[in-house]
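Notes to accompany the following structure.
The values are calculated or read from the model by the stated rules, or taken from the named source; none is laboratory data. Just so it is clear, the model here is predicted, and its values are computed rather than measured. Don't worry about glycine lacking a Cβ; one is built from the backbone with ideal geometry, like all the others, and counts go over all protein chains shown.
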Amino acid sequence: MTEYYVPAGAGESEYVEKRSRFLGHVRPVESEEEAKAFIAAVKKEHYDARHNCWCYLIKDGPERYSDDGEPQGTAGIPMLEVLRREGVSNVVCVVTRYFGGVLLGAGGLFRAYTKSAKDALDAAGVAVVRRWVSMDLPCSYAAAERYKTEIAAHDGAVTDMEYGAAVTIRALIPEERSEAFAARIFDLSGGAVTPLVTGESFQAVPRP
């Protein structure tokens, strides 16, 4: 299955422009129903806000957005474009605006909603969903940092470090890179270290 990107978790942001407060909310979701439920929950929590603009993007599913009373094209579409540009799916974003009494104009609104969505997504982080191979690498303390660099170079992730007389690095390596990674570690160690495969999984792993 081809890899894809999702929010790594929940993300929140706050931005003030000419006394208007923009509160950004990003969540990972698995379905359109889950996205709609989150939008409804934010609207209920911030019932006293002037606007609760939203968008969501479901993998192999619909994309939807709403300006919720803001001038057409100044809120929902800019927020959705942030998600598209960052390449994430299975994501919902709501930006709540508490009006500060000063009109911002179309350009000001566009910038504020774009920034709020981007800041909330940055706060959430991005995870890559794909098939991973779990590996254990026993090594010396001196070699640990070098092996961690190799893990990153193969788009992998360190999940744990076990310290004792030596170090065991537990890592997730993309399935299609696992053989090349194991060969690289074997060569680097002069044949002293052979990564031990401990399993496979299909999951979301935060991007560095």
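Taking the criterion of being crowded, with 19+ Cβ neighbours inside 10 Å and in contact (Cβ under 8 Å) with a residue 40 or more places away in the chain, the only residue of region 144-156 that qualifies is TYR147. Each residue in region 9-59 was checked for being buried (at least 20 other Cβ atoms within 10 Å of the Cβ), hydrophobic (A, V, I, L, M, F, W, C) and under 17 Å from the mean Cα position of the chain (by Cα), and 5 of them qualify. When you scan region 37-53, do you find a residue that is closer than 24 Å to VAL16 by Cβ, touching a residue at least 60 places away in the same chain (Cβ under 8 Å), part of a helix (DSSP H, G or I) and in contact with an Asp or Glu (Cβ under 9 Å, 6 or more places away or on another chain), even just one? Checked region 37-53: no residue is closer than 24 Å to VAL16 by Cβ, touching a residue at least 60 places away in the same chain (Cβ under 8 Å), part of a helix (DSSP H, G or I) and in contact with an Asp or Glu (Cβ under 9 Å, 6 or more places away or on another chain). Note on region 59-110: residues that are without any contact (Cβ under 8 Å) to a residue 12 or more places away in the chain and under 16 Å from VAL16 (Cα atoms) amount to 3. If only residues of region 187-202 that are touching a Phe, Trp or Tyr at 6+ places or on another chain (Cβ under 8 Å) and surrounded by 12 or more Cβ atoms within 10 Å (Cβ to Cβ) are counted, the one that is farthest from VAL133 (Cα to Cα) is LEU188.
Of all the listed residues (ASP136, ASP155, ASP160), the sole one being part of a loop (DSSP other than H, G, I, E, B), in contact with a strand residue (DSSP E or B) (Cβ under 9 Å, 6 or more places away or on another chain), of a type outside the set (Val, Ile, Thr) and in the same structural domain as SER189 (by TED's automatic domain parsing) is ASP155. Within region 163-208, being within 20 Å of the chain's Cα centre (by Cα) and part of a strand (DSSP E or B) holds for ALA171, LEU172, ILE173, PRO174, SER201, PHE202, GLN203, ALA204, VAL205, PRO206.
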